[in-house]
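Trainee: Before I ask anything, here is the structure I am working with.
Just so it is clear, none of the values below were taken in a lab; they were calculated from the coordinates. A quick note: this is a predicted structure, and the numbers were derived from the prediction, not measured. Here the Cβ positions follow ideal geometry from the backbone for every residue, glycine too, while neighbour counts run over all protein chains shown.
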Amino acid sequence: MAYCKSISGIVVAAALSVAGVAQADGAAIGEKHCAACHGSDGNSRYAAVPNIAGLSAEYLYDELRDFAKGERHGERFKPENGEERDMNEVSKALSREEMQQVAEYYSRQTFKPRPQQFDPLLAKLGSKVYRKRCERCHEDNGREFDEDMGRLAGQPKQYLEKALRDFLQKKRRPPKKMAKQLKKLKEKEIPALVHFFAAQQD
């Protein structure tokens, strides 16, 4: 029995060691390729760049893969004291294993809602639109999400509006369940939703 416990302990220790190495690798990859725009902990300080901390590893990996394949178009962006790049070229520079490691790393970070101004009247209208069009999938005012979607609550307004309009203009392919609701969205409801999600700052 003591021998079995000893072997079991070695196996667990080895597994934890491997997990620790993978985390360190993910952090190093993120620092090299992602941190300039998304922040070392996945919380961006730029209005055009989303926070990726705490999103599911599956979702982050799928997004990286889609960018690498050209199935999603990345806008060029230049951070302060950094070079102008887009997500397509960043993702193409990563191997599949590196994508998995960096996705796992950022999934373990804590999402920090963006402190930002919002229009209370627009947010109130957005609340009604949210209940009707978004709540079924994006629960808890956009804080909750599945493995195949991102978080909406607390993201920067500029990014949120750009993402919504990209979906509406078919520059980005939405999930089928989302596409059905987008077709029913009125123009005035877009900024309302943006301000509603921006108001979720806790």
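Trainee: Could you pull out the residue among GLN158, GLN169, GLN116 that is over 18 Å from LYS32 (Cα atoms) and loosely packed, with under 15 Cβ neighbours inside 10 Å?
Mentor: None of the other options fit; the residue is GLN169.
Trainee: Continuing with the same structure: Of (1) under 17 Å from ALA163 (Cα atoms); (2) of a type in the set (A, V, I, L, M, F, W, C); (3) in a loop (DSSP other than H, G, I, E, B), ALA53 satisfies all except one. Which?
Mentor: (1)
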